[in-house]
Structure formats: structure tokens, C-alpha cells
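To start, the structure under review is shown below, and the notes come after it.
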Amino acid sequence: MGLGGASTAYINSIAGLSTNPGLLGQWGDSLTRISIGHLSQFRRSSFVGQDTYRRTDQELTVQPGGYFYATHGVGKRVAVGLAVTMPYGYHTKWPNTWEGRSVIQESQLSTYFVQPTVGFRLNDNFSAGVGFVYAYGKYSQRRALGQYDDPAAQSKFSSSGQGYGVNVGLYGRTGETLAFGISYRSGLNLKMNNGKLTTAGVPERDDSLYPSTADFKTQINLPSTLSVGVSDRITKNLLLTFDFTLSGWSSLDSLKLDVAASGTAPARSISTARRYEDALAFRVGAEYQATPKLTVLGGLRYADTPVRDEFINPEFVDTNTLGASAGAVYQLGRLALEAGYAFDYGQRRTARANPVIDRVANVSGTYRTGTHMASVGVAVAF
């Protein structure tokens, strides 16, 4: 986080294990390394209606997260590692009575990745690694049934599921100060077949249309990522890093909820078009050894949004973002105290609802988004 995410060619932290498994071979010594910490995300959007000119702010929510990394050398050329991370997630909560309540009132996605990894030192300058990724995800959403006057008329969806993928990478040094890294993590399909739908506040005359409970299933496609990074030690105390990442968001075409028949209510499909596009991100980071015990970090990043204008959705308002970050590591013998902070500013987005295309759930207006992230942790080698 302190480097702005520019870590594909950065070997000074085992947190790079999930970014580039090729780094693992560089830690093939007799030491066991462990890093553990907590990470929280505060994401908030505001909305101004096109027709009402009314401003609505999301309710402030915290998306909790965390990480665990461990590596151990089993020989001079082989090392094993484990990464447990929460790379994708959000928590969106709008006021219950806002003008887009029939599109979304609240939604949350949490993901958990477990990646056992093996790394190989090919020679003194090059190493490669491969990891198996198991992913578990939980998804929920709540929306108002806007066709009724009763504000308590709502539908709630909740589900969970899992998926599998691989993560491979390569790291190399081309000189005393210059290094490079390249990694590829496959996309993941979270298959959620245990969903539960509950509906409340529906008049009795419409019980056949909206059952009080029903089963549903869905699938959420998470993107593949291809990252290329370079690091250069400018001076004894200063290291610069640069990353380029291509995320394959085009795999997320739509969010489809297949609701099973329940009682007199027939089976139906609720589909919201996404039509995401692949997106690029650029990151630059710097590490400076301020004192023998204190290392400070800084970073800048820019990321394209995968969401086209016609598919902006208040469930997760995504924009082109420009971000800055800072971090620090304080060494206490074999123990290191770590902290990081990042802020992303989102470009203003304007949505225009098209009643002709009912598969695009939206409300006309302008969004602004800002995201704060903070992390604290400890690392130890023994």
C-alpha cells in the first residue's frame, strides 16, 4: 500500500507474494518469515439527481480486511509460501428513501483468497513461482420495490460461493541495481448456488409475483490480472518502482440472479447488464531508508475504470481514479512494525437512465467518489 501497489519487482516485503509469486524464490534461505495485519477501506459516493437536484450521500461504512503471509526456505533454491488476502470487496449503503432506492439500497461483496505457493531460484539472478488460488466470496444486496408506496417493501438477496485459479510469476535482476518482474493471475468465477431471497412489505394481491422466500443462484466473475514491474536502486538509500497492470474485467458481462419457483410464484431471472471492459492501471512507488531502523514509502497511481458511461450503477460507482499513498516500516530487531495509508480520488461520473433498456438499472444524475484505505501490521523473520 505504501508503494501505491507498485510491487511486482519489489522484494523487500513478502507481501509481494500475492502480487508476483516469482519473488518467492528470492527468499529461499533458512529463515521463516511471517507478516500479518489489518486493513480497512472507507469508500463513499455522493449523488446529485438530474431532475431533482437533490444531493444524497452514501452512509459511511467500513469494509474490513486483513492479510497473512508466510514463507519458508526448504533449500537454497526452493521456498514455499502462503498468502491469505481479501483483494476484492466493497460495502455500499444508500439511505433507504433516496431516489434510487428501487435500484439499490445496500450491497456488499467480500472475497477471501488463499494462495499456497512454491518458488524456485533458477540462478543467482532469476526466480520463478506458481501459486494455486482458492477463493471464497459472500455477496448481498437490498433494494426497495419502488412500485409500492410502502417504504418497507423490499427484496433482500444473500449468497456465497467459491472459485479456483492460478498465479504465476517471474523475477529477475539485470544488474546491480535494476530488476524486473512479470506475473499473471487467472480470472476466477465465484459460483454461488445457495442464495436466499426474502421479500417483505408486498400486498397480498401480489404474493404470487413476489414470494416471501425463494432460492436463487448467481455467478460473479473476477478479473485476470497481468502485471509488469521494474525497480531501480537510484542510491544506497533510495529505491524506485514502477508497475503496469492490465485487468481483464471484460469477463463480467452482467450480474444475473436466477430465482427458483416458490409457491405460486414462477421462476424468473433478474439480470443487470455490466458490459465491463478491460482496464489499465499505472503505479509508481519509492522507498527511502531514512535511518537504520526507519524506512518510509510513498506512491502514486492512476487506474482506468472498466465501467462505460451507459452502465454506471449506484451499487458500485466506479470511476477513473488518481491515488496517493504513504507508508512506514520501523525495525525492532527481527520484528518490524508496518503502517500504510492511501487515498483515491474518483473522477466525476454522470449517469443517464434509459427507460428503453430495462436491463441497465440506473438513476440519472452525477456521482463523485472518494476512497480511504489504512493498514497496520507486523512482520517477523526467525
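The values are calculated or read from the model by the stated rules, or taken from the named source; none is laboratory data. What you see is a predicted model, and the numbers here were worked out from it, not measured in a lab. FYI the Cβ positions are ideal-geometry reconstructions off the backbone, even for glycines, and counts take in every protein chain you see.
Some notes on this structure:
- Enumeration of residues in segment 100-123 that are more than 23 Å from Thr61 (Cβ to Cβ) and either crowded, with 20+ Cβ neighbours inside 10 Å or touching a residue at least 40 places away in the same chain (Cβ under 8 Å) (or both): Gln115, Thr117, Val118, Gly119, Phe120, Arg121, Leu122
- Residue that is farthest from Thr213 (Cα to Cα), among those in segment 268-312 that are among the polar types (S, T, N, Q) and modelled with pLDDT of 90 or more: Thr291
- The set of residues in segment 124-166 that are surrounded by 15 or more Cβ atoms within 10 Å (Cβ to Cβ), small (Gly, Ala, Ser) and at pLDDT below 95 comprises Ala144, Ala153, Ser155.
- Filtered by the rule that a residue be assigned to a strand (DSSP E or B) and buried (at least 16 other Cβ atoms within 10 Å of the Cβ), segment 192-214 gives Met192, Gly195, Leu197, Thr199, Ala214.
- Pairs are defined by a Cβ separation below 6 Å, a sequence spacing of at least 6 or placement on different chains, a first member in segment 222-238 that is farther than 30 Å from Met192 by Cβ, and a second member that is modelled with pLDDT of 95 or more and of a type in the set (D, E, K, R); the pairs so defined are Gly229/Asp243.
- Filter pass, Gly169 being in contact with a helix residue (DSSP H, G or I) (Cβ under 6 Å, 6 or more places away or on another chain), crowded, with 17+ Cβ neighbours inside 10 Å and more than 30 Å from Asp207 (Cβ to Cβ): yes
- Residues satisfying the stated conditions in segment 303-335, i.e. surrounded by fewer than 14 Cβ atoms within 10 Å (Cβ to Cβ), over 30 Å from Phe157 (Cα atoms) and either touching a residue at least 40 places away in the same chain (Cβ under 8 Å) or of a type in the set (Val, Ile, Thr) (or both): Arg334, Leu335
- All positions within segment 157-208 that are closer than 23 Å to Ile104 by Cβ, within 24 Å of the chain's Cα centre (by Cα) and among the small types (Gly, Ala, Ser): Ser158, Ser159, Ser160, Gly161, Gly195
- Sole exception among (1) more than 17 Å from the chain's Cα centre (by Cα); (2) surrounded by 21 or more Cβ atoms within 10 Å (Cβ to Cβ); (3) closer than 22 Å to Thr245 by Cα; (4) at pLDDT below 95 for Gly28, by number: (3)
- Counting only strands (runs of 3 or more DSSP E) that fall entirely inside segment 43-147 and contain at least 2 residues that are more than 14 Å from the chain's Cα centre (by Cα) and more than 20 Å from Leu190 (Cβ to Cβ), the qualifying elements are 55-57, 62-73, 78-85, 106-121, 126-144.
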